[in-house]
Amino acid sequence: MNAPAGSLLTAEGLRKAYGPTVALDGADFSIHPGEVVAVMGPSGSGKSTLLHCLAGIVPPDAGSIMYAGRELATMNDAERSALRRSEFGFVFQFGQLVPELTCVENVALPLRLNGTSRKEAERTALDWMGRLEVDDLAGKRPGEVSGGQGQRVAVARALVTGPRVLFADEPTGALDSLNGERVMELLTDAARSTNAAVVLVTHEARVAAYSDREIVVRDGKSRDMERAV
Amino acid sequence: MSIGHTLLGLLESGPRHGYDLKRAFDEKFGHDRPLHYGQVYSTMSRLLKNGLVEVDGIEAGGGPERKRYAITDAGITDVEHWLATPEKPAEYLQSTLYTKVVLALLTHRDAGDILDSQRSEHLRSMRILTDRKRHGDLADQLICDHALFHLEADLRWLELTAARLDKLRAVVAK
Amino acid sequence: MNAGTGHRPRERNRAWGTSRDLAMGVRFAFAGGREGWFRAAMTAVGVGLGVALLLLTTAIPNALAVRHERDVARADYTYVFGHPLKAGEKTFVIADIDTPYRGDDIRGRMVQREGAKAPVPPGLTTYPAPGEMAVSPALKRLLDSPDGALLRARLPYRITATIAESGLTGSQELAYYAGSADLADHIHPPDVARIDHFGSPRSPDAESDPVLMLLVLVVFVVLLMPVAVFVAAAVRFGGERRDRRLAALRLVGADGRMVRRIAAGEAMAGALLGLVLGGGFFLIGRQLMGSVEAFGISVFPSYLNPSPALALLVAVLVPAAAVLVTMFTLRGVVIEPLGVVRTAKPARRRLWWRLLLPVAGLAALYPMVGQGRNGGGFNQYLVTGGVLLLLVGITALLPWVVERVVGRLGQGAVAWQLAVRRLQLSSGTAARMVNGIAVAVAGAIALQMVFAGVEADYTKPTGNDLDRAQMSVQVPNGVPVSKVARAMTATKGVRKVVSIADGEAGDRAEDPQRTATVSVGDCASLREIAALPSCHDGDAFVVKGSDSDSETTKLLTAGKKHGRTLYLDPAYSGDDDGPASRWTVPAKLKQAQSREDPTGYKRGGFLLTPGALPAGASTAVQGVVYLSIDSAVPDVHEYVINTAVRIDPLMLAGTLTARELNSKFASIRTGLLVGAAAVLALIGASLLVGQLEQLRERKKLLSVLVAFGTRRRTLSLSVLWQTAIPIGLGLLLAGVVGLALGSVLLKMVGSTVRVDWLGVLAMTGFGAAVVLAVTLLSLPPLLRLMRPDGLRTE
């Protein structure tokens, strides 16, 4: 399979095993700038592993991952970390905000990791918090805000560096439907406004409905539903 | 639910008498509504006319129910096409989907594919509803939500069925 | 909770409930799969180590006592009142020929039995025959090993026996008894003497010096305090997890009291298991201590028996303390069914009662200022209490200090920010982790200071000038100095040899009234002890500028009356020395200016070149040879000693040192060092456990941060800061309290207060090294936890 024209992030033939457990067994993927792609599939099918490989968090055992003309699979850990810091953003289900830092410090964290000064970073962070309607929580600690608010803070943190790809792993998994939808709306709006691609791992159809298309992962193999039809 | 496609699918595993067909249908899909002989008879003559089945032989003693039918190549293609085409999302879809899944298992096709394409079809509808909801007023939102929750219920059932395919395969193979 | 208990009488019901809750706690301590076992094991190991250390410490006085007894029993006390012994039925001759070998001291004795009833040295069954020797097991191992080759040359005797335990003070002691046939001809007390019994005539418990007593007391308190702090920390391992479990119990209906009882049961289970482990560790440690040697001290395992009363006290106190500490930690915690509520923002820590502790400690010690050496003893209880209060004061003050300082720390790099924020949120936990180290370092600093201050009183400056000579050889009677000098010159690694023979010149041959030193040596050697105008063989000098000058001048004027005749090595009545040799003072006496010899001694009297010494007078002087050696030559000391022993087994070659330490004082000091090292290592272990536990709890967060592209360096640094900041504060506080305690103690013993900055630096450095070690050791698990596996939920 050749990388589709204009694709930002393309993977083919990904294989990954954790010990005897095969998580990915020849999975393919591609996403365009500004596109929201849902990764669906039953639990244990390898969705999260696919996301981790695509994001350069874990190196695949085999296969190739091309991001903007660069091969991720052969990068070393430091290069992949640098890529994640500058080009990618992340939202997880829970346990992601640093409990000791205030919300605005949490949002500013990725910028500061990139070497931005504290003042500058926190100004940008506050700006993003405003876009996700949580700027009034700036001085609070994560333990003092609700789940939905915390998740929006996390989205703000994921977008604060202006990433080209946003990886979201069950971003609404711990929220009720109202909060979950609000987070999804804000997330997709914000991503579209910056033309960021979103890789959205979810098992919920109503969350996946915020995507442009979906990919199904079953038994470590991927199935691109658009191309299959 | 298409009785014609279902009977065709049942014939794929081998030629059968009309009476056998009715019995197999009732056993696997009839549940509370058994098929009438007349229905089988009329359906089979329509399929014969369209060239999807052929008469394999007639047993002594006469009577329409003693005819043995076999599926033709055109018939197999027709079943194939029917299974691969996702159903338009609608209420009370499950009997059709269930029939498709069971037939796929009976004819050793990949039932997971049916589920995947159906999910894709559902999601297509859900995307449209979600989009309308985001740009509409509160009334739109409430109406769309209702539809979305129904579609989601279908999909959840689909996921559950997918998770239980192995069990179902064992039951169907009996 | 239990319907069946509703009908029972109230009292019985309560008692039953208590024991049931405790039992449930015990069960919980080990339930919870691998995680639970790990936590219980960590607690038990922590408590066990503490218990073992306590038991060992309580056993040390006993061990020292046994050591002391053994040492007294084998003493060959050569000073005899009245007339020297004559050879008899019970007498034997013994020579002290201790020898150093590569930094170890070897206790050597040469013995010659004279009478059939002469007592056999302790640990031996019979006297070794001439040319044979009995050795300690450790010495035998050394001699048999390749390392002992040089020593073998020094001790060329055949090994025929092993010294039994009763004749040794430690398992690793190097000792031997060599047999001799002609020792009686060399009697020269105190090195070679005729005696008739072993054992010191003096009572073993001589009046102890109050200052030394004080030091011993303080050392014990200072060493045991951190152990107590450590045990308290060990009981808290896994505290957060436990709180969550207790919350779950509340959810199913346990009330607050039951939960506390269950927690007590859990703590007790860990402590009891720790007690068992501690017993095991103690036995292992005892055996280990029997096979190692620290700072020249080793003991036999059998010495290390704690007194039963103390052991029982430990067995009761440790579980009790565990339960008390648990109750104390739960004090500020409300365990609700849906989680643990720390009485939010537990009212800013107050300073006044925290300050009260050290102030009370100072108040207890202060009245004893100046009671030191002259003012009689110290009140042991006040000393112990005061030191305890001061040190406990650290554990009370530290949380306050950490809270205040961390609350004011500003922004910085990401690693710093992460660490500071974490500390701000849980400054108490951080302070608790460091308490042990702070207490240990404070105590050690105080002691170090006291030692440095008191050292002057217990250390005699030797006056040795190590630039001129590094070794000296005392030449025994009857051995010509020149022979030794020649042999030494030929010895490998010897650069320069100065040989002087000293004798005495008197105005009469017997019982002289005036005497002066006579030193004989070649010109080069004489220049080492005096500035000579010119020198040729045959010259004689009179020395000016010495402290003992007056006698010489008088002797000279007196000598003129008798035809300038003096007598070398004059005899004294009662001595059975040979006759003195006559020496006519030459008419041409040159003047020489005295200078310090390599040992710092300024000679007066006369200097003679060999040619000026009357014939036959060579036995009238006793030689000493100073050696300048090339310390770059390995084993140069051993070559020199071997050369000396080859000429005469009784010839002593020693290394010159700048100072001579009182040996009793030295052993306290080494005890402190060993103890401080052990305690700090132990606390380091507990720090590591705490650190690892905290890291494990944050596994998911770490993975998320890594997903964000956080550099490993950033997270590692933040872990380092997180330990380094509270430890830095702890060390600072420890420094202040340590210096205060040290000053008070110094004032108490009446020494001038002088801060031993090098000691302070060394001790804080020791503490800092522990931090660094802990951080380094927690890095591999940290890096492992930072792998993205933590993100996997399924």
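Which one of these is more than 9 Å from chain C (Cβ to nearest Cβ), in a helix (DSSP H, G or I) and basic (Lys, Arg): A:ARG112, A:ARG123, A:ARG80, A:ARG85?
A:ARG123
Identify, by number, the condition in (1) within 12 Å of chain C (Cβ to nearest Cβ); (2) at pLDDT 90 or above that A:ASP136 doesn't meet.
(1)
Mind checking which residues of segment B:148-172 are more than 16 Å from the chain's Cα centre (by Cα), small (Gly, Ala, Ser) and within 11 Å of chain A (Cβ to nearest Cβ)?
Correct list: B:ALA153, B:ALA163.
Condition test on A:LEU24, is it more than 20 Å from A:SER86 (Cβ to Cβ), within 14 Å of chain C (Cβ to nearest Cβ), among the hydrophobic types (A, V, I, L, M, F, W, C) and assigned to a strand (DSSP E or B)?
yes
Picking from A:VAL134, A:VAL165, A:VAL153, A:VAL145, which residue would you name as being touching a Lys or Arg at 6+ places or on another chain (Cβ under 7 Å) and among the β-branched types (Val, Ile, Thr)?
A:VAL134
Can you name the residue in segment A:112-158 that is over 20 Å from A:LEU175 (Cα atoms) and of a type in the set (A, V, I, L, M) and is also surrounded by the fewest Cβ atoms within 10 Å (Cβ to Cβ) among such residues?
A:LEU126
Quick check on my filter: what residues within segment A:27-48 are within 14 Å of chain C (Cβ to nearest Cβ) and touching a residue at least 40 places away in the same chain (Cβ under 8 Å)?
Of everything in segment A:27-48, those that are within 14 Å of chain C (Cβ to nearest Cβ) and touching a residue at least 40 places away in the same chain (Cβ under 8 Å) turn out to be A:GLY41, A:PRO42, A:SER43, A:SER45, A:GLY46, A:LYS47, A:SER48.
For segment A:161-174, check the following and say yes or no: at least one residue is hydrophobic (A, V, I, L, M, F, W, C), closer than 20 Å to A:VAL98 by Cβ and more than 14 Å from the chain's Cα centre (by Cα).
Yes.
Restricting to segment B:116-143, name every residue that is more than 10 Å from chain A (Cβ to nearest Cβ) and touching a residue at least 12 places away in the same chain (Cβ under 8 Å).
B:GLN118, B:ARG132
Take the residues in segment C:694-721 that are within 8 Å of chain A (Cβ to nearest Cβ) and of a type in the set (S, T, N, Q); name whichever of them is nearest to the chain's Cα centre (by Cα).
Checked segment C:694-721; the qualifying residue nearest to the chain's Cα centre (by Cα) is C:THR714.
If I go through segment A:178-212 residue by residue, how many of them are polar (S, T, N, Q), more than 12 Å from the chain's Cα centre (by Cα) and within 11 Å of chain B (Cβ to nearest Cβ)?
1
Evaluate the following for A:LEU51: is it in contact with a strand residue (DSSP E or B) (Cβ under 8 Å, 6 or more places away or on another chain), within 14 Å of chain C (Cβ to nearest Cβ) and modelled with pLDDT of 90 or more?
yes
How about segment A:54-71: which of its residues are over 24 Å from A:MET184 (Cβ atoms), of a type in the set (A, V, I, L, M, F, W, C) and either within 13 Å of chain C (Cβ to nearest Cβ) or surrounded by fewer than 22 Cβ atoms within 10 Å (Cβ to Cβ) (or both)?
A:VAL58, A:ALA62, A:MET66, A:ALA68
Count, please, the residues in segment C:483-509 that happen to be under 24 Å from C:PRO570 (Cβ atoms), surrounded by fewer than 19 Cβ atoms within 10 Å (Cβ to Cβ) and not charged (D, E, K, R).
1
Please work out if B:GLY136 is farther than 20 Å from A:MET40 by Cα and not assigned by TED's automatic domain parsing to the domain that holds B:VAL40.
yes
Specify which of the listed residues (C:ALA469, C:ALA430) is over 24 Å from C:GLU528 (Cβ atoms), out of contact with any Lys or Arg (no Cβ under 6 Å at 6 or more places or on another chain), hydrophobic (A, V, I, L, M, F, W, C) and modelled with pLDDT under 85.
C:ALA430
For B:ASP113, all conditions in the list (1) more than 10 Å from chain A (Cβ to nearest Cβ); (2) in a helix (DSSP H, G or I); (3) more than 20 Å from A:TYR210 (Cβ to Cβ); (4) not aliphatic (A, V, I, L, M) hold save one; what is the number of the exception?
That leaves (1) as the condition not met.
Return only the number of the condition from (1) free of Cβ contacts under 8 Å to residues at least 60 places away in the same chain; (2) farther than 26 Å from C:GLU89 by Cβ that C:LEU151 does not satisfy.
(1)
Being hydroxyl-bearing (Ser, Thr, Tyr), modelled with pLDDT of 80 or more and part of a loop (DSSP other than H, G, I, E, B): is that true of C:THR517 here?
no
Restricting to segment A:213-225, and then to whatever is within 7 Å of another protein chain (Cβ to nearest Cβ), assigned to a strand (DSSP E or B) and touching a strand residue (DSSP E or B) at 6+ places or on another chain (Cβ under 7 Å), can you tell me which residue is farthest from B:GLU152 (Cα to Cα)?
Within segment A:213-225, the match that is farthest from B:GLU152 (Cα to Cα) is A:ARG223.
The values are calculated or read from the model by the stated rules, or taken from the named source; none is laboratory data. Everything numeric here is computed off the predicted structure, so don't read it as measured data. All Cβ positions, glycine included, derive from the backbone under ideal geometry; neighbour counts span all protein chains shown.
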